[in-house]
Amino acid sequence: MSLLLIPYRERPPWRSGDWCNLSERFQNATEGVPLLRGVPYNYYPSESQSFFGCGSVGSGVDKTKPSGKINKIRRVTVQSSSESKHSTPLSYDEFVELAHQQINTGEKTIHAKRNPGKWRNIKWISNAIWLLFFFGAYLRWDDRQAVLWDIPNRQFHLFSATILPQDFWLLSLALLLFAMLLAVVTAVAGRVWCGFFCFQTVWTDVFTWIEDKLEGGPQKRRNLEKAPWDMRKIRIKVTKHVLWLLISVFTGISFVTWFTDAYQLWADLFSIEAPLIAWITILAFTAGTYVLAGFMREQTCLWLCPYARIQSAMVDKHTVIPTYDNQRGEPRGHMRKNVEQARQSSTGDCIDCHLCVAACPTGVDIRAGLQEGCLMCALCIDACDTVMDKVGRSRGLIRYASLDEMESGITVPLWTRTRVWVYGMILLIAAAGIIYGLSSLDSIELKVLRARQPMYVLQSDGSIQNEYTLKILNKVTHDVDVRISATGPRDLVLTGSKETITAHGSTVTSTTIFVRVPRENLDATSSPIVFRIDGMADSNAFVSERESIFIGPEKQ
């Protein structure tokens, strides 16, 4: 028994010239094989029908172009002559839709139809979240920018917290948190990030909205592309591209505002005094936004973005995704007036209007099953629900559902899915680590370095002296006056530095201090000593301690 598997191709096979050879091999291999019963919606081409648009074998029809005919086949068992004639063919309830499992590889521009509906409204809300990217950097906190990546000074300011290089483990946990959040959401609801929150998807949606408002619907846009260049076309095209460029420039400037003071950046830009790196970054983001969102669009997701492949690997048969209900929708049939009710009842709910395909921003046919080109933006659901309302049929022909639910009608509970539990536990651990780290961050830190040479100095009065360098890290932006004290061996004395010094904001202040201890008070060669700094203004906020050792001569 041999199983004929028709491979899925990312590129339309007719572009490589072997599409018709594949169809001929399929016809030759399945010749004489009876159609398997019990499998719905099997469409086998007869001798007079074209097979995947190539015409019948030996018919002389041009075999280099697809006809667009819907041909559905499933995996077919081929019985070899050496096997028993009484062997039962192996049947599958799965089928492959080769004619519709295709991806736009950039040969044409997709002009998606914008349909109103629940998911379109949700998409507008998710798009609005990105307004924080444009305006969040202008929020002030304690006389400085609330969120600022200060790369020259190696600091990250997050409201009242300042994260320095030694605290960057918090950022590592933050990256882990977002990665696990993406994994959990993808395992539960598919590529929600791609469909609703990804900047490429959002910017492309805004650009196409501008295009729709200026040029009209999909058909009007196609007609405008074919129309000769006149003043009307020039005016529309120039207006569109100017708006695209303005958004692109504002995107580049907004990105830079997160790495420098936002208000000062605008002043430097207008006075042409901004640093060269700022101009280069703005230019790069302007060009990238203009090209990726305006021209490449869905091709960026298909060929450039790695997250599409990563998220596709996280989707399984339990994931709830936009799905076409084959049992309810097939066989498809157009609705016509004055047609007998019996004839119309022989078809499914899908009227084959192709509105779901027209509304898809990547041009995939959701009825062909899960495809890598699907962003899971659910806009096809709005389109289908609109049609169902018009023809008087219930909504949900295309809906959020898992493959398990479609096949068996049973939805697997989340708490029984090991993958979700693993992702969720890692997510909670990362979140707990971030909360602990932020709550334990000190506004000021003290580090103590003891001089190694000489180990100690014997003073004229018989006391032993050690030298220490104190490094005071002030994580706040303003200067803080601190008092230095120490506890350890009896009768120790601090010399060489003022008792109160000023720790400058957002920097490290160093001071050298000497500690003297009467020799008779040293019980051992090495004695513990604790240095402490206290803020003069607010001792609760600016307190730090650091332990070191005091070295003396050996006991005789």
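The values are calculated or read from the model by the stated rules, or taken from the named source; none is laboratory data. All of these numbers come straight from a predicted model, not from anything done at the bench. Methodologically, a virtual Cβ is constructed for each residue, glycine included, from the backbone with ideal geometry; neighbour enumeration extends over all protein chains shown.
Which number in (1) modelled with pLDDT under 90; (2) touching a helix residue (DSSP H, G or I) at 6+ places or on another chain (Cβ under 8 Å); (3) in a helix (DSSP H, G or I) marks the one condition that Leu177 misses? If we test Leu177 against (1) modelled with pLDDT under 90; (2) touching a helix residue (DSSP H, G or I) at 6+ places or on another chain (Cβ under 8 Å); (3) in a helix (DSSP H, G or I), just (1) comes out false.
Consider the range 404-448 and keep the residues that are crowded, with 18+ Cβ neighbours inside 10 Å and under 30 Å from Thr469 (Cβ atoms). The one that is farthest from the chain's Cα centre (by Cα) is Val448.
The sole residue among Ile253, Ile282, Ile210, Ile247 that is hydrophobic (A, V, I, L, M, F, W, C), surrounded by 16 or more Cβ atoms within 10 Å (Cβ to Cβ), in contact with a Gly (Cβ under 9 Å, 6 or more places away or on another chain) and in a helix (DSSP H, G or I) is Ile282.
Entry remark, the range 505-529: residues being surrounded by 13 or more Cβ atoms within 10 Å (Cβ to Cβ) and farther than 18 Å from Met455 by Cα number 6 in total. Restricting Lys498, Lys475, Lys471 to residues that are basic (Lys, Arg) and surrounded by 16 or more Cβ atoms within 10 Å (Cβ to Cβ) narrows the list to Lys475.
Apart from one condition, Asp534 fits all of (1) farther than 20 Å from Ile551 by Cβ; (2) assigned to a loop (DSSP other than H, G, I, E, B); the exception is (2). Of all residues in the range 384-403, those satisfying the criterion of being among the aliphatic types (A, V, I, L, M), surrounded by 16 or more Cβ atoms within 10 Å (Cβ to Cβ) and over 14 Å from His318 (Cβ atoms) are Val387, Met388, Leu397, Ile398. Condition (residue is among the aromatic types (Phe, Trp, Tyr), under 30 Å from Leu182 (Cβ atoms), crowded, with 18+ Cβ neighbours inside 10 Å and at pLDDT 80 or above) applied to the range 324-335: is it met by at least one residue? Yes - at least one qualifying residue is present in the range 324-335. Looking across the range 147-157, the residues that are in contact with a helix residue (DSSP H, G or I) (Cβ under 8 Å, 6 or more places away or on another chain) and either without any contact (Cβ under 8 Å) to a residue 24 or more places away in the chain or among the acidic types (Asp, Glu) (or both) come down to Arg154, Phe156. Listed by first and then second residue, the pairs linking a residue in the range 169-181 that is closer than 11 Å to Tyr423 by Cβ to a residue that is of a type in the set (Phe, Trp, Tyr), with Cβ atoms under 8 Å apart and 6 or more places separating them unless they lie on different chains, are Met180/Tyr423.
Every test in (1) modelled with pLDDT under 90; (2) in contact with a helix residue (DSSP H, G or I) (Cβ under 9 Å, 6 or more places away or on another chain) is passed by Cys194 save one, and that test is (1).
All of Ala308, Ala293, Ala262 fail the test of being buried (at least 18 other Cβ atoms within 10 Å of the Cβ) and either outside the structural domain of Asn153 (by TED's automatic domain parsing) or touching a strand residue (DSSP E or B) at 6+ places or on another chain (Cβ under 9 Å) (or both), apart from Ala262.
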